[in-house]
Amino acid sequence: MTIPRDLITGLVLAGGLGRRMSADGLGVDKGLVSWRGRPLAAHAIERLAPQVGNLLVNANQHHDAYDRLGWPVVSDAIEGFAGPLAGVVSGLRAATTPWVLSVPCDSPLLPADLAMRMAQAATAQGARIAVARTADGDQPVFLLVSRNLEPHLSAWLAAGGRKIDAWYRELAPAFAEFEDGAAFRNLNTRADLEALP
């Protein structure tokens with residue numbers, strides 16, 4: 001027995017500043033950066049949507065552009081670009097399913113079985129949170145989180161917490177092991193973008 005896909009909301013995190021992607025260091029809206037002729041966020045959505053019952057996009061800029069990708073857009077619950085967990089807590093508040101699966105917008109090759117394997121890990125280990133792991137280590141933005149953790153995360157953020165792994169390590173997470181580390185590759189810079197044809 002595992003968590004059915006219709007009980008999971010996918011959450012594509014596109015709320016960052018993308019400083020490493022811009023030549024001037026001032027940042028770009030990374031989810032809208034084009035790769036293979038389409039925005040990075042569109043690729044992440046295409047990979048994730050078939051795996052989940054519903055989907056949300058977390059964005060803090062250019063809402064009209066994200067709206068055109070066809071899914072509801074939620075902004076960070078905390079102002080000032082407070083990091084991925086600010087997007088996660090917004091997703092937990094907006095979702096109507098018991099579980100939320102977050103992925104970064106800049107991983108266009110994310111695994112086609114991500115949700116299933118994360119759900120299996122959470123179920124097998126009786127955990128309220130599951131984290132993807134490869135031979136390179138934890139992939140901390142790839143999180144399957146029970147919605148009942150929203151109050152805990154909200155309090156943790158209000159107390160100044162920001163690091164994803166520092167938060168989930170308090171919660172005895174399950175780990176879903178993946179062999180293909182390349183599927184989790186983040187396109188953080190223009191060089192990363194150009195290196196992935």
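The values are calculated or read from the model by the stated rules, or taken from the named source; none is laboratory data. Computed from a predicted structure; not experimentally measured. For neighbour counting, all protein chains shown are included, and Cβ atoms are generated from backbone atoms with ideal geometry for every residue, glycine included.
For the range 134-175, filtered to residues that are in contact with a helix residue (DSSP H, G or I) (Cβ under 9 Å, 6 or more places away or on another chain) and basic (K, R), the residue that is modelled with the highest pLDDT is R147.
Provide a single number: the residues in the range 83-113 that are in contact with an Asp or Glu (Cβ under 6 Å, 6 or more places away or on another chain) and under 18 Å from G31 (Cβ atoms). Qualifying residue count for the region: 3.
Count of the range 2-56 residues, restricted to those that are over 15 Å from V103 (Cα atoms), modelled with pLDDT under 90, charged (D, E, K, R) and in a helix (DSSP H, G or I), is 2. Is at least one residue of the range 177-191 more than 22 Å from C105 (Cα to Cα) and either free of Cβ contacts under 8 Å to residues at least 40 places away in the same chain or of a type in the set (F, W, Y) (or both)? No: zero hits.
Among the residues of the range 135-184, just one is of a type in the set (K, R) and farther than 20 Å from A77 by Cβ, namely R169.
Would you point out the residue of the range 58-92, among those that are within 23 Å of G160 (Cα to Cα) and charged (D, E, K, R), that is modelled with the highest pLDDT? That would be D76. Within the range 54-67, is even one residue hydrophobic (A, V, I, L, M, F, W, C), out of contact with any helix residue (DSSP H, G or I) (no Cβ under 6 Å at 6 or more places or on another chain) and either under 21 Å from A155 (Cα atoms) or surrounded by fewer than 23 Cβ atoms within 10 Å (Cβ to Cβ) (or both)? Looking through the range 54-67, none of the residues is hydrophobic (A, V, I, L, M, F, W, C), out of contact with any helix residue (DSSP H, G or I) (no Cβ under 6 Å at 6 or more places or on another chain) and either under 21 Å from A155 (Cα atoms) or surrounded by fewer than 23 Cβ atoms within 10 Å (Cβ to Cβ) (or both). Could you check the range 65-97 and list, in sequence order, the residues that are assigned to a loop (DSSP other than H, G, I, E, B) and farther than 14 Å from G10 by Cβ? Answer for the range 65-97, where residues must be assigned to a loop (DSSP other than H, G, I, E, B) and farther than 14 Å from G10 by Cβ: R68, S75, D76, A77, I78, E79, G80, F81, A82, G83.
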